[in-house]
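Worksheet: one structure, shown below.
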Amino acid sequence: MMAIDRFILRKLEKCDHELVRRNLLTLFLIRVEKAWHEEEVQRTAG
């Protein structure tokens, strides 16, 4: 999954189109929140 995150960050860095940047940022934030949630579940489970 890290490769996808790096891909999104590279696209964000090079993208000049505001709508695409906003969508990429939203996607990245969703991925961060999902990873944080999964980490919380694992931490509380064991």
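The values are calculated or read from the model by the stated rules, or taken from the named source; none is laboratory data. Just so it is clear, the model here is predicted, and its values are computed rather than measured. All Cβ positions, glycine included, derive from the backbone under ideal geometry; neighbour counts span all protein chains shown.
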Q | Unmet criterion (only one of (1) free of Cβ contacts under 8 Å to residues at least 24 places away in the same chain; (2) among the small types (Gly, Ala, Ser); (3) surrounded by 12 or more Cβ atoms within 10 Å (Cβ to Cβ)) for Ala45 | A | (3)
(Q) Checking the structure you have, find out if any residue of segment 36-46 is at pLDDT below 95 and of a type in the set (Lys, Arg). (A) yes
Q) In segment 1-42, which residues are over 12 Å from the mean Cα position of the chain (by Cα) and either exposed (fewer than 10 other Cβ atoms within 10 Å of the Cβ) or among the hydrophobic types (A, V, I, L, M, F, W, C) (or both)? A) Glu13, Lys14, Cys15, Asp16, His17, Glu18, Leu19, Val20, Val41, Gln42
